[in-house]
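Inspection log for the structure reproduced underneath, given as structure tokens.
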Amino acid sequence: MSHQPSPDATLVILTGAGISAESGLRTFRAEDGLWEEHRIEDVATPEGFRRDPDLVHRFYNERRRRLAEAQPNPAHEALARLEATWPGEVLLVTQNVDDLHERAGTRNLVHLHGELLKARCEACRNVVPWPGDLDRTTVCPGCGCSGRMRPHIVWFGEMPLELDRVGEALARCALFAAAGTSGHVYPAAGFVELVEIKTHTVELNLQPSAISHAFREQHLGFATETVPRWVEGLLQGIGRS
Ligand code: BV8
Ligand code: ZN
């Protein structure tokens with residue numbers, strides 16, 4: 001039985017790689033996951049980038065090219081519909097670096113771990129849209145420095161983005177849901193422990209995750225089935241389906 005928050009309630013929804021899996025983007029920790037071919041230390045840490053920037057640029061260039069061929073799926077679309085139809089605030093906090101939530105129409109969005117289609121200059125801190133390849137000779141459009149551009153991605157050991165905005169929403173939300181995340185990476189995996197005791201919690205995942213124990217309600221299955229069905233139920237509950 002799904003829980004029905006009141007229409008003016010704030011909803012916070014955390015998403016992970018599992019919500020983009022059916023759009024053809026690889027997750028991290030599945031058997032064919034990204035971490036099977038690359039060591040996290042080599043491609044998703046500042047040390048790895050300093051040690052071998054070409055390897056890291058190749059890793060992200062390949063993912064940018066894959067993203068250009070991917071489309072949002074019904075799970076992304078259902079969450080955009082929830083934001084557009086729900087009377088209260090809906091804040092979507094994604095660990096994903098793809099732009100599929102935006103392309104599905106989500107507006108109120110936090111990219112906790114950065115964005116694949118943006119680059120940042122280590123000299124002037126300028127963040128710019130970057131759909132194409134990056135390499136160690138790329139010139140910064142802001143300050144003209146060359147070789148100082150990096151993917152605008154939060155690597156392990158680096159500070160996630162907009163944590164204060166997320167913390168503020170977690171403190172006042174009546175419902176917190178997590179969709180498509182294995183619950184291994186902190187601080188995102190700890191968000192479910194930060195909400196008020198009266199906040200309802202829902203997990204939507206293909207398999208149980210490392211944090212399943214912390215959720216009151218769980219829907220197991222493919223995101224393209226469980227997320228639209230869950231959103232429909234919420235909207236029917238307020239007569240807005
Ligand atoms: C931080 C880069 C301090 C972007 C990512 C020791 C040393 C240093 C740090 C640490 C340490 N020990 C712990 C830490 C902290 C560390 C951490 O948590 N490490 C873990 C591994 C132990 N965290 C950090 O370093 C973070 N920074 O801590 O700074 C701090 C702390 C608090 C407050 C302030 C400062 C930085 C974390 C960000 C790292 N960057 N990636 C990129 O390349 O993409 S994390 C990486 O994992 C991705 O961003 C990804 O989003 C994230 C989480 O993975 P998931 O999204 O959950 O994906 P996964 O493959 O794991 O799971 C997919 C799930 O989907 C599965 O459950 C599967 O069943 C499900 N699924 C699959 N298919 C479907 C599906 N579900 C539904 N439908 C389907 N079809
Ligand atoms: Zn610059």
*Given (1) open to solvent by 60 Å² or more (accessible area, probe 1.4 Å); (2) in contact with a Leu (Cβ under 7 Å, 6 or more places away or on another chain), where does residue 23 come up short, assuming only one miss?*
(1)
*Out of segment 107-124, which residues are open to solvent by 50 Å² or more (accessible area, probe 1.4 Å), under 19 Å from residue 44 (Cα atoms) and part of a loop (DSSP other than H, G, I, E, B)?*
122
*Is segment 31-38 home to any residue that is of a type in the set (Phe, Trp, Tyr) and either in contact with a Cys (Cβ under 6 Å, 6 or more places away or on another chain) or not in a loop (DSSP other than H, G, I, E, B) (or both)?*
yes
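So, residue 147, is that one modelled with pLDDT under 95 and either away from ligand 1 (no atom under 13 Å from the Cβ) or surrounded by fewer than 20 Cβ atoms within 10 Å (Cβ to Cβ) (or both) or not?
On the way: modelled with pLDDT under 95: yes; either away from ligand 1 (no atom under 13 Å from the Cβ) or surrounded by fewer than 20 Cβ atoms within 10 Å (Cβ to Cβ) (or both): yes.
For residue 147, the condition - modelled with pLDDT under 95 and either away from ligand 1 (no atom under 13 Å from the Cβ) or surrounded by fewer than 20 Cβ atoms within 10 Å (Cβ to Cβ) (or both) - is met.
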_Filtered residue count, segment 85-106, keeping only those that are within 12 Å of ligand 1 (Cβ to nearest atom) and in a loop (DSSP other than H, G, I, E, B)_ = 4
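Might you check whether a residue that is among the charged types (D, E, K, R), assigned to a strand (DSSP E or B) and more than 10 Å from ligand 1 (Cβ to nearest atom) occurs anywhere in segment 75-84? Please lay out each step first, then the result.
Narrowing segment 75-84 to residues among the charged types (D, E, K, R): 77, 81, 83.
Now restrict to residues that are assigned to a strand (DSSP E or B): none.
Among the residues of segment 75-84, not one is among the charged types (D, E, K, R), assigned to a strand (DSSP E or B) and more than 10 Å from ligand 1 (Cβ to nearest atom), which makes the answer no.
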*Pair list, Cβ < 6 Å and 6+ apart or interchain, from segment 160-179 residues that are under 16 Å from residue 115 (Cβ atoms) to residues that are open to solvent by 10 Å² or more (accessible area, probe 1.4 Å)*: 160/154
_Which of the strands (runs of 3 or more DSSP E) found entirely inside segment 172-224 contain at least 2 residues meeting this: not aliphatic (A, V, I, L, M)?_
200-205, 217-220
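The values are calculated or read from the model by the stated rules, or taken from the named source; none is laboratory data. Nothing here was measured: the structure is a model prediction, and the numbers come from that model. Glycine gets a Cβ as well: all are built from the backbone with ideal geometry, and neighbour counts include every protein chain shown. SASA here: full protein model, heavy atoms, side chains in, ligands and nucleic acids out. Shrake-Rupley method; radii C 1.70, N 1.55, O 1.52, S 1.80 Å.
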